[in-house]
Every structure is written in structure tokens, then in C-alpha cells.
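See structure below.
A short reminder: the numbers here are calculations on the coordinates, not readings from a lab. Worth saying up front: this structure is predicted, and the values here are computed from it rather than measured. A quick note on method: Cβ atoms are made from the backbone with ideal geometry, for glycine too, and the neighbour counts reach across all protein chains shown.
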């Protein structure tokens, strides 16, 4: 259920983005024109492919290794499994279990991850023109014509050209990646506490209604939205679904 709620929150943010964008006044065409060469420098064509290349692959491999070495009990706790259900688990890791059940687990995981990253790179590369256009509009709003001209003048110098070309890629630098990798285990350890705080923040809200609490009209409406028959809706099925996703 928590995962579903996070997906719903993400969807809500995505749906609200157009509305937020509509509140922005149209950027001055002259500033748009001045911003384009700036964006050509700081976000050149192919930036996403560069960002999601070998460095990202190495980072994902390292993060996966870190997760696989974590005790199974800790992973279960992060997944929301109640403490009493994992009290008897020892310090065995997913890597140890995977080595027994699937000797090719690590290779399988890496190949799957590499394929996924390649597909994501293709997806982001296709979306890049829209991002470049949006970034151009953002620069046109944040900087006036004089400032954009000064940026372009700076980017015309050898130092400015190097800075602009590497400004986005700096976030993929091995130094940054190393710190991000070190951060991941700490974040994973804190996830149960973070989830508990999120749950505590909603403790004063009324509990969600059960299927039995719905009016016939509400049941019919819910069934239609879910693509099922109203008679198939029941609290037992909902309870089972919640337990499987917490």
C-alpha cells in the first residue's frame, strides 16, 4: 500500500506540472533567442546519453552490490515487514541466498540492469529536445538579455566552454558518485524510521473506509473505475492486497 501511495503521489505531481506551468507568463522572445546558445553550451545534444553512460552503469552496479550485501532482516524491515515477523531472521544477505537459489543471480541482475539503463537512455534521449526547450525558457526567465549575453561571452572563452560542457556531467563525476554510493546504505538504514514518521504524520486522520462502508452508488462507481463487478468488491481482497504491498 505504501508503494501504491508513493506512485499516486508521483502521478499527482506529474499531473499538477502542466497546471503549474500554465501559471508562468510567456517568456520574452528576445530572451528566448538569447538563451538558446546558452543552453546549447550547458546542455548540448546527447547530454542524457553521456549522463547515463558508463559512469551511471558503474554506480548502479555498486549500489546493487551494497543492497545485496545487506542483511535480509534489514531489507524486510525497509519493506515494511513487522518486526515480530523477522525476529528469527539471521544476518544472511540476499547475495548469499541468491548464490544458492540462482548461481547466475548477479550476472542476471547486471544484464537486466544494463538493458534497463540502455532503454532509459533511449527514452531520455528521445525526450531531450523538449527538455532543452524547457531549459531555454527557464534561462530566459531567470536571466535578462544582458546577463544571457555575459554568459555567452564567458562560454566563448576556453574556460567557459569547458565549464559549460562539463557543468551537467560534474554530477556524474566519480567523486560525486562515490559519495552517493556511501549515502545509499545510510539511507536504507533510515528508511524504516522515515516510513514510521510518514505514518505518524497521518495518525490523526480517519481510517480509510472499507468496502462495506460504501453506498451502493459508491460501490458501483468504484467497480467501474477498477473494471470489475460490484459484487466482486470485498474487504478481504483489499486486506490481502494491502498486506502484500506494505
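Worth a mention:
- A simple packing score, the average count of other Cβ atoms within 10 Å per residue, orders the peptides 204-211, 118-125 as 118-125, 204-211, with the highest score first.
- Full-stretch length increase - residue 65, residue 97 - with 0.36 nm per residue and alpha-carbon distance subtracted: 10.2 nm
- Net lengthening on full extension, residue 190/residue 25 (0.36 nm per residue, minus Cα-Cα): 55.3 nm
- Calculated P(r) tail over 27 Å for region 42-199, as whole % of Cα pairs: 47
- Sorted by Cβ density within 10 Å, fewest first, the residues 166, 128: 166, 128
- For region 176-236 versus region 90-160, the spacing of their alpha-carbon centroids is 29 Å.
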